[in-house]
Structure formats: C-alpha cells, structure tokens
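Engineer: Sharing a structure here in structure tokens format.
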C-alpha cells in the first residue's frame, strides 16, 4: 500500500505507454500509405522501416510497463520479475534498431543524392537523346525531301537526255575502253544499216570504219587530247553502202582518271558531200563544155575545108598511087578529128540544144539498140540477158539521146569483156521512177578510177580507141532528163553477184505515170 501515493505517476506511465502504442501504429499506417503512393521513394521506404521499428519498440516497452502495473496490483509481482529481462532485451533490440536506422539514414541520404544526381544526368541525357533524335528525324525528313527532289531532278534530266538521245537526227554512240559499242541511238542504228540496236551492241566500232588508219587516228587523238572534233571519215554500213560522217567525241573517265570509253556524235554528210561533188562536177562540166564548144566551133570550119580539099585532090590524083595514098591518110585523120569535134559538140550540147521530147517506151529503145549491135557482139561470144519489165510506163524523153546512152554503155561493156562474156540489161519501176540497169562480167572498174569515169577526156582505152567523152556525154544526157546515173563496181545487189557481174550502171529516170 506504500506505493499508492505513486498512483499519479503510474497512471501517467500507463497512459503514456498506451499513447505510445497508438501514435506508433498511426505513424506506421501513415508511412505505409506514403510508401504505397511512392513505391520508388527511398525516403518513404526508410520512414516505413523506422516506423515499424518504433512500433516494435512501443509494443515492447508499453506492454511491459502496462503488464508490470497489472501484475503489481494483482499481487503477482513475481511474474514481472520473470518478464522484466525479456521486456528489457526487446527494448534494447528495438532501441538499437532505431539507432542503427538513424545512423544509416545519412548514408541513405548520400546514396539518394548520388542516385538523384545520376537520375538527373540520365534525365538530361534522355532529353539530349530525344533532342538529337528529333533533330535526326528532322534531318532524315530533310534528307528524304532532298533525295526525293534530287531524284526527281535526275529523272527529269534523264528523261530530257533520253528524249534527245532517241529523237536526235544525229548518230549518238557510246563505246567501252575496248572500242566496242555499248549503246547507240536509233539514228545511229539507221546510219549503219541495222534494224535493232541489239545487233550492234558489243560490236567493235573499228569494223565500220572504211579506212583502218582513220580509226587509229580517231583513237589516238581522243586518248591523247581527251576529245576529237569534226573528224571526217567514211563508214561502211551493213549493206555495204559508204557513209561519209563528221565525228565529235570525248573520252569518258572514272573519278580516278582512267579512261573507260568514248562517247560521241556522228553527223551523216553523205548527201551533202554528194551534192557538193555534183556541184563541183557541174561547174567543171560547164567550164569544160564552154571550152569544148569554143574549140569545136573554131576547129570545125578549117577541118571541113581540109577534109573537102583532101577528097577533091584524091579525085585528081587517082592515077598516082603514092599521092593518092597520102591524101587518103590525110582524109582518114581528118575524119578522126571530125569525130572528136562531134564528140566535143555532143559533150558541150551546143550543136543541138533542144531535145525532141516524146512519149516513148524505154524498153523499145533498149531493144532497138541491142538489135543494132547484137550480131557483132554475138560474133565475139558475148551474150545478152534481158529482164525488161512489162509494167513500166511511157516517159517523156528524147529517144535518139537515150539510144546514144545505151549504145555507149554497150560498147563500154564490150571493151571490158573482150570475148565470151555476158551483158545484163534490166528495167523495173521503183518509187515512181524507171530504173535501167546495164551490167557485164568484164574486168570491172578499179576503185582508184571509179570516181573519174564520168570526167571528160578520161579514158583507159589505148590511143585512137576512144576520146574519153562517151560517159561524160551520157551523164549529161541523163542529167538533162532529170535522172540519175550511178555505177557499182563491184555491184552490191546479191542478184547481180549471183550472175557474176563485175560492173553495173544504174540509170534512174522520172516517170509521168502514163500507162504503156
């Protein structure tokens, strides 16, 4: 009963223990709620652990104190003496735990600070990465736009080049480093006589050069200078036709500088060259015609006087053989001169300027001319092979002049053949033009003189066998009829070759579509 005066103190201790339990559990509940709301917060995890330790401490201490009062008032104080060490041990453990947590917290704070610092660095790195990623996306979009724009520009440029390449009237070609054709446009395909460029791809360009030395000069200049300009040469088409061209080309190179081929443009000047040659020839013929006409007229009068006096003197000296023979020589030589003068007049076309144009059959003119010489030619073993089309129309022409042309061609064929040969004559209609072909299997015409055979006074015959005016006069007559006169030796037509012909003259005359 002596302890009764301590009742207020015990009461406060009892209530304090109860309040300690209540507050510790309230603190634990609040800390638990904060940890749930912020499960990754180290601070709230630490507070939850500390609250748990306080709850354990409050339970150990408060329940121990409360049981002590209960045991004392119940008169079983010995019980408390048995529980007191356990309660004290639990209090010590809880106190040490709380103290340890208190000491650990600064380290935890330091770790948290480091973690926050690293987190901040990571956040900044993430922001930088997001910013860089955004810039990369923008750059990627910009690059895509630029690539799309450049691609479109390239497509437009390629389309322009392709249209220019395909539609150009000039031959555009590309060759590799070995001189093989790698690409060529339709004009180039047509120039070389092909129908499909695939037939040309891979073929050596040198195969189409008529002169190999021109190819060597072309390659040497292009390789040394990197380009060649206005290089004039002659190409051979698939069908054997000669094409005169002017080439401008460049050597293509890699970035390393090594040459990988050629690219160039070839302009076909065949028509221009032929026109120029015809113009030069016409001017030359006109000059020679004027000269021949003047000479013929100047010589003709005294020549006729010489011939007339020679014939008169022959009558007076019939009884003197020596004088008569000498006068006969004068007469024969005067006749030769008269024949030359006649040819000169024919060449100059001044003795008969107006042709008698009639509607005639060319086939009839040919047959009439052949009939004149047939017997003589066949006696020398020369045979005729005629293919005269029955479908050709009448044309407006001078029959005598045409027969003169045909007779001259037949005589030339006879001289080329000699004995035992073939003369081929053919007529047919082609593109509203009448074509006449005269061919023979004689000796042919040398390439060295083929361009000269229409020149006046040019002849391969021995003296007194020809004046060299026959083909010139014939050429003039055909020109007067608005026609063309061409020669092929050797011929290019397979049919002509199958007949063994060595030379073929081709005359093309305009028609007026009159039926025969």
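No lab work stands behind these numbers, since they all come straight from the coordinates. No experiment lies behind these values; they were computed from the predicted model shown. Cβ atoms come from the backbone with ideal geometry, glycine included; neighbour counts cover every protein chain shown.
Engineer: Could you calculate the contour length gain from residue 376 to residue 415, that is, 0.36 nm times the residue separation minus the distance between their Cα atoms, to one decimal place in nm?
Structural biologist: On the way: separation 39, 0.36 × 39 = 14.04 nm, distance 1.27 nm.
Stretched out fully, the residue 376 to residue 415 stretch lengthens by 12.8 nm.
Engineer: Extension gain residue 30-residue 388, at 0.36 nm per residue separation less the Cα-Cα distance, in nm?
Structural biologist: Details: separation 358, 0.36 × 358 = 128.88 nm, distance 12.80 nm.
Contour length minus the Cα-Cα distance gives 116.1 nm.
Engineer: How large is log10 of I(q)/I(0) for region 168-268 at q = 0.17, 0.22 Å⁻¹ when the intensity is taken from the Debye formula with one equal scatterer per alpha-carbon?
Structural biologist: Cα-only, vacuum Debye calculation for region 168-268: -0.70, -1.20.
Engineer: Please give the length that would be gained between residue 248 and residue 271 if that part of the chain were fully extended, namely 0.36 nm times their separation in residues minus their C-alpha to C-alpha distance (nm, one decimal). Before the final figure, lay out the partial values.
Structural biologist: Details: separation 23, 0.36 × 23 = 8.28 nm, distance 1.88 nm.
Difference between extended and current length: 6.4 nm.
Engineer: Quickly work out the residue 495-to-residue 124 label distance, labels modelled 7 Å from Cα along the C-beta direction, and quote it in nm with one decimal.
Structural biologist: 9.7 nm
Engineer: Determine, for each peptide in 386-392, 130-136, 398-404, 357-363, the mean count of other beta carbons within 10 angstrom over its residues, then list the peptides with the highest first.
Structural biologist: On the way: 386-392: 12.9, 130-136: 10.4, 398-404: 19.0, 357-363: 16.6.
Descending mean neighbour count gives 398-404, 357-363, 386-392, 130-136.
Engineer: Still on this structure, please answer the following. Using the basic label-point model (7 angstrom from Cα toward the beta carbon), what is the residue 229 to residue 37 distance in nanometres?
Structural biologist: 8.9 nm
Engineer: Along Cα→Cβ, 7 Å out, is where each label goes; now give me the distance between the ones at residue 155 and residue 448 in nm to one decimal.
Structural biologist: Modelled inter-label distance: 6.4 nm.
Engineer: Nearest 0.05, what FRET efficiency do residue 190 and residue 217 give at R0 = 30 Å with Cβ-Cβ as r? Let's see the in-between values first.
Structural biologist: On the way: r = 26 Å, r/R0 = 0.85.
For residue 190 and residue 217, the calculated efficiency is 0.70.
Engineer: For region 301-324 and region 382-417, what is the separation of their C-alpha centers, rounded to whole Å?
Structural biologist: That distance is 39 Å.
Engineer: Provide the packing ranking of 235-247, 472-484, i.e. peptides ordered by the mean count of other C-beta atoms within 10 Å per residue, highest first.
Structural biologist: Numbers: 235-247: 16.0, 472-484: 19.9.
Put in order of decreasing packing, that is 472-484, 235-247.
Engineer: First obtain the Kirkwood hydrodynamic radius of region 362-403 from its Cα pairs, then insert it into the Stokes-Einstein equation at 4 °C and 1.567 mPa s, and state the resulting D in µm² per second as a whole number. List each step's numbers first, then the result.
Structural biologist: Values: Rh = 11.7 Å.
The diffusion coefficient I find is 111 µm²/s.
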